């Protein structure tokens, strides 16, 4: 690619990303600022958060073993807004993450793209047990593509395509902020696909041409974080969903494992693996670097991130 074309495409990519991410990132910063102000006057709120920039780079020159020059950068915002007064509690988590990676002769591709909002309202029924009402929302910032061996790309997702909104009553066990689970046996879930071409193709389980799909079933969320040794901790997040209205035996699974290694108050090494299985998400099969026609099927989705970064906590 000619230098001017590369710069133009790179500038266009960054322009699109900034237009979509800047308003939401500004909202997160305003929420964090407002929450800290609230915390100073209302002791029933506990506010915490992390802003992390992860960097990963490799370079080769006349290297006999071979290798591809690459660079990756990930920006992650992770905020908690938790309320507790008498028998009432309200736990909220906001995660926004976006990452880009560049390899020689391949160009820029995203390696992380998440918007996650979790909220759990609870009323204490007994020691460590709560009646709850939960809400989860998940989507992404930018378009997502699948690439073949010739670097040709196929659109497979976009902002609000899909977006998942689920909510419902239930009960929870909470031993601490580091170990808890919530079960909702009557959980509603909406799947939104607002991109025309994806909607027309019936992506993510919606009927062709429809922009949403309704499901009703059971939801299970669990969280466990433990310090394995000094300055090293691991985090486990599990989400399960079964749709009573269609194939309830096909349980959707979303599991995330995160590793945090603290170097000092500002430098850390973070890694993560996310595994997703959803029988409504069909992934085309590839053979010899090319997509096989009419081969889309449910399959295990895997995302991995590892890098050293700068972290600011409050």
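The values are calculated or read from the model by the stated rules, or taken from the named source; none is laboratory data. Quantities reported herein were computed from a predicted structural model and do not represent experimental measurements. Please note: Cβ atoms are built from the backbone with ideal geometry, for glycine as well, and neighbour counts cover all protein chains shown.
Could you figure out which of (1) modelled with pLDDT of 95 or more; (2) surrounded by fewer than 18 Cβ atoms within 10 Å (Cβ to Cβ) isn't true of residue 252?
If we test residue 252 against (1) modelled with pLDDT of 95 or more; (2) surrounded by fewer than 18 Cβ atoms within 10 Å (Cβ to Cβ), just (2) comes out false.
Taking residue 149, is it closer than 27 Å to residue 58 by Cα, surrounded by fewer than 19 Cβ atoms within 10 Å (Cβ to Cβ) and either out of contact with any strand residue (DSSP E or B) (no Cβ under 6 Å at 6 or more places or on another chain) or free of Cβ contacts under 8 Å to residues at least 40 places away in the same chain (or both)?
Yes.
Within region 234-243, does at least one residue satisfy the condition of being surrounded by 14 or more Cβ atoms within 10 Å (Cβ to Cβ), modelled with pLDDT under 95 and within 16 Å of the chain's Cα centre (by Cα)?
No, region 234-243 contains no residue that is surrounded by 14 or more Cβ atoms within 10 Å (Cβ to Cβ), modelled with pLDDT under 95 and within 16 Å of the chain's Cα centre (by Cα).
Would you check which residues across region 178-202 are assigned to a loop (DSSP other than H, G, I, E, B), in contact (Cβ under 8 Å) with a residue 24 or more places away in the chain and under 18 Å from residue 155 (Cβ atoms) and list them?
If the condition is that a residue be assigned to a loop (DSSP other than H, G, I, E, B), in contact (Cβ under 8 Å) with a residue 24 or more places away in the chain and under 18 Å from residue 155 (Cβ atoms), then 193, 194, 195 are the ones that fit.
If I go through region 295-314 residue by residue, how many of them are out of contact with any strand residue (DSSP E or B) (no Cβ under 8 Å at 6 or more places or on another chain) and either assigned to a strand (DSSP E or B) or in contact (Cβ under 8 Å) with a residue 60 or more places away in the chain (or both)?
0
Based on what the data block shows, is residue 155 in contact with a helix residue (DSSP H, G or I) (Cβ under 8 Å, 6 or more places away or on another chain), more than 26 Å from residue 76 (Cα to Cα) and either surrounded by 14 or more Cβ atoms within 10 Å (Cβ to Cβ) or at pLDDT below 95 (or both)?
It is false that residue 155 is in contact with a helix residue (DSSP H, G or I) (Cβ under 8 Å, 6 or more places away or on another chain), more than 26 Å from residue 76 (Cα to Cα) and either surrounded by 14 or more Cβ atoms within 10 Å (Cβ to Cβ) or at pLDDT below 95 (or both).
In region 175-186, which residue that is more than 12 Å from residue 221 (Cα to Cα) and in contact with a strand residue (DSSP E or B) (Cβ under 8 Å, 6 or more places away or on another chain) is modelled with the lowest pLDDT?
177
Going residue by residue through region 124-142, is there one that turns out to be surrounded by 15 or more Cβ atoms within 10 Å (Cβ to Cβ), touching a helix residue (DSSP H, G or I) at 6+ places or on another chain (Cβ under 9 Å) and in contact (Cβ under 8 Å) with a residue 40 or more places away in the chain?
Yes, region 124-142 has at least one match.
If you scan region 286-314, which residues turn out to be farther than 20 Å from residue 110 by Cβ and modelled with pLDDT under 80?
287, 288, 289, 290, 292, 293, 294, 295
Let's see how each residue does on (1) surrounded by 16 or more Cβ atoms within 10 Å (Cβ to Cβ); (2) over 21 Å from the mean Cα position of the chain (by Cα):
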| site | (1), (2) |
| --- | --- |
| 188 | no, no |
| 199 | yes, yes |
| 208 | no, yes |
| 245 | no, yes |
| 278 | yes, no |
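Do we find a residue being assigned to a strand (DSSP E or B) and within 23 Å of residue 74 (Cα to Cα) anywhere in region 240-253?
No, region 240-253 has no match at all.
In region 250-294, what count of residues is obtained for those that are free of Cβ contacts under 8 Å to residues at least 60 places away in the same chain and within 16 Å of residue 147 (Cβ to Cβ)?
3
Going by what's in this entry, would residue 93 be described as farther than 27 Å from residue 208 by Cβ and buried (at least 16 other Cβ atoms within 10 Å of the Cβ)?
yes
Based on what the data block shows, is residue 228 free of Cβ contacts under 8 Å to residues at least 24 places away in the same chain and crowded, with 19+ Cβ neighbours inside 10 Å?
No: the conditions fail for residue 228.
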